[in-house]
Amino acid sequence: MTANDPIASLISLLARLPGVGERTAARLAFHVLEGDEQYADALGRALSTIHGEVTRCELCGNYGAESRCAICQDPRRDESLICLVAKVQDLIALEALGTFRGRYHVLHGLLAPLDGIGPDQLPLDSLERRIVDEKVKEIIVATPLSVEGEATALYVSDALGSSPVRVSRIAAGVPHGGELEFTDQVTLGRALEDRRAVR
Ligand SMILES: [Zn+2]
């Protein structure tokens, strides 16, 4: 195969996706090539438009098609309760429970000083603004129970020290270091329900 071989180039692009090695990339590329052409077109269109059509919610950082996401636009959600998550996939896992009626704030990361991610890289100013604007009573910190997740939880509860808001942390039970998005629903539901006050 030459450098501008379309199959080789598709394989090398697919191999850059997380969890996809060269062999899986080749299997996927041949699957697309040998399958339905309409599917390949639809896949290509979905990939090429995703950045243009999806935007981050100006309030909470969730993904959506408009400047405010569906959750922030929903008047039935309790705006006095905010669940702080590391990423949108965790929000989706919590939403799948169907029991949480508050809103979210998505950090799009965790404190990781060794990787150069400090508090300035996280949207904590906007969280503090929301606490005032939305008269927030409680922040549930649902970052993962990993080193970075715990460090972020600690930092956030200290940073909100001067605010009258209640800060709570999801209970243990989510596997240590485990990703919320891969935690089963019963465990995740219990972790949310059994949250403990941090201050
Ligand atoms: Zn939102």
Test set (1) open to solvent by less than 100 Å² (accessible area, probe 1.4 Å); (2) at pLDDT below 95; (3) under 25 Å from the mean Cα position of the chain (by Cα) - residue 2 fails condition number: (3)
In segment 137-150, the residues that are touching a helix residue (DSSP H, G or I) at 6+ places or on another chain (Cβ under 8 Å) and either open to solvent by 20 Å² or more (accessible area, probe 1.4 Å) or more than 17 Å from residue 61 (Cα to Cα) (or both): 144
Elements of type helices (runs of 4 or more DSSP H) contained in segment 17-80, each with 2 or more residues being without any contact (Cβ under 8 Å) to a residue 24 or more places away in the chain, away from the ligand (no atom under 12 Å from the Cβ) and open to solvent by less than 60 Å² (accessible area, probe 1.4 Å): 22-34, 37-53
Checking residue 99 against (1) away from the ligand (no atom under 14 Å from the Cβ); (2) touching a Gly at 6+ places or on another chain (Cβ under 8 Å); (3) under 22 Å from residue 161 (Cβ atoms), the condition it does not meet: (3)
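The values are calculated or read from the model by the stated rules, or taken from the named source; none is laboratory data. Predicted, not measured: the structure shown is a model, and the values here were computed from it. We place every Cβ from the backbone using ideal geometry, glycine too, and count neighbours over all the protein chains shown. Note: areas computed on protein heavy atoms with side chains; ligands, DNA, RNA excluded. Shrake-Rupley method; radii C 1.70, N 1.55, O 1.52, S 1.80 Å.
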